[in-house]
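Peer 1: Got a structure for you, written out below as structure tokens; questions coming shortly.
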């Protein structure tokens, strides 16, 4: 496998794996909208229905854009900003009971690592096996 093929394979695989984290979560939020808004409200987020709709748009909409590689840099940046914001709200390991600290700390740093992966797509784009590249060639 040559270097170009390897890089394109890894870029596609990376996009797919990150999208796998967000796209199903967006679908699940649609199916469980009332529960999602209740959970968001329990964290003190204002306008929980609006926040849930934003979460769906980001996770499902931008997640699908990332998957197919269209407007990839912007999609990755949008998901990264969203993920950073929600991480500090929903995984505040410094403010939970002792028995929850480890779980919330792991979720917090997993999300931070995902943001790092998204920043790589912001910096380098989707790769040659993407709609971005196909549209550039057309």
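Peer 1: Scan the stretch 90-99 residue by residue and report those that are part of a helix (DSSP H, G or I) and surrounded by 13 or more Cβ atoms within 10 Å (Cβ to Cβ).
Peer 2: 90, 93
Peer 1: Only one of 80, 113 is under 24 Å from residue 8 (Cβ atoms) and either modelled with pLDDT under 95 or out of contact with any helix residue (DSSP H, G or I) (no Cβ under 8 Å at 6 or more places or on another chain) (or both); which?
Peer 2: 113
Peer 1: Looking at 44, 35 in this structure, which one is surrounded by fewer than 18 Cβ atoms within 10 Å (Cβ to Cβ), at negative phi, modelled with pLDDT of 95 or more and out of contact with any strand residue (DSSP E or B) (no Cβ under 6 Å at 6 or more places or on another chain)? Step through it out loud before you land on a result.
Peer 2: Values: 44 fails: at negative phi.
Answer to the selection: 35.
Peer 1: Assess whether residue 16 counts as being within 16 Å of residue 127 (Cα to Cα) and in contact with a helix residue (DSSP H, G or I) (Cβ under 8 Å, 6 or more places away or on another chain).
Peer 2: Against the criterion (within 16 Å of residue 127 (Cα to Cα) and in contact with a helix residue (DSSP H, G or I) (Cβ under 8 Å, 6 or more places away or on another chain)), residue 16 qualifies.
Peer 1: Right, here's the next one. Being at pLDDT 95 or above, in contact with a helix residue (DSSP H, G or I) (Cβ under 8 Å, 6 or more places away or on another chain) and not in a helix (DSSP H, G or I) narrows it down to one residue among 128, 75, 120; which is it?
Peer 2: Values: 75 fails: not in a helix (DSSP H, G or I); 120 fails: not in a helix (DSSP H, G or I).
Only one candidate qualifies: 128.
Peer 1: Something else now. Please pick out the residue among 33, 22 that is in contact (Cβ under 8 Å) with a residue 24 or more places away in the chain and in contact with a helix residue (DSSP H, G or I) (Cβ under 7 Å, 6 or more places away or on another chain).
Peer 2: Among 33, 22, only 22 is in contact (Cβ under 8 Å) with a residue 24 or more places away in the chain and in contact with a helix residue (DSSP H, G or I) (Cβ under 7 Å, 6 or more places away or on another chain).
Peer 1: Quick test for you: out of 23, 50, pick the one residue that is surrounded by fewer than 18 Cβ atoms within 10 Å (Cβ to Cβ), part of a helix (DSSP H, G or I) and at pLDDT 95 or above.
Peer 2: Among 23, 50, only 50 is surrounded by fewer than 18 Cβ atoms within 10 Å (Cβ to Cβ), part of a helix (DSSP H, G or I) and at pLDDT 95 or above.
Peer 1: What are the residues in the stretch 125-138 that are surrounded by 13 or more Cβ atoms within 10 Å (Cβ to Cβ) and without any contact (Cβ under 8 Å) to a residue 40 or more places away in the chain, if any?
Peer 2: 134, the sole residue that qualifies.
Peer 1: Limited to the stretch 74-86, what total is found for residues that are over 11 Å from the mean Cα position of the chain (by Cα) and surrounded by 15 or more Cβ atoms within 10 Å (Cβ to Cβ)?
Peer 2: 0
The values are calculated or read from the model by the stated rules, or taken from the named source; none is laboratory data. Fair warning: this is a prediction, and the values are worked out from it, not measured in the lab. Positions of Cβ are backbone-derived with ideal geometry, glycine not excepted, and every protein chain shown enters the neighbour counts.
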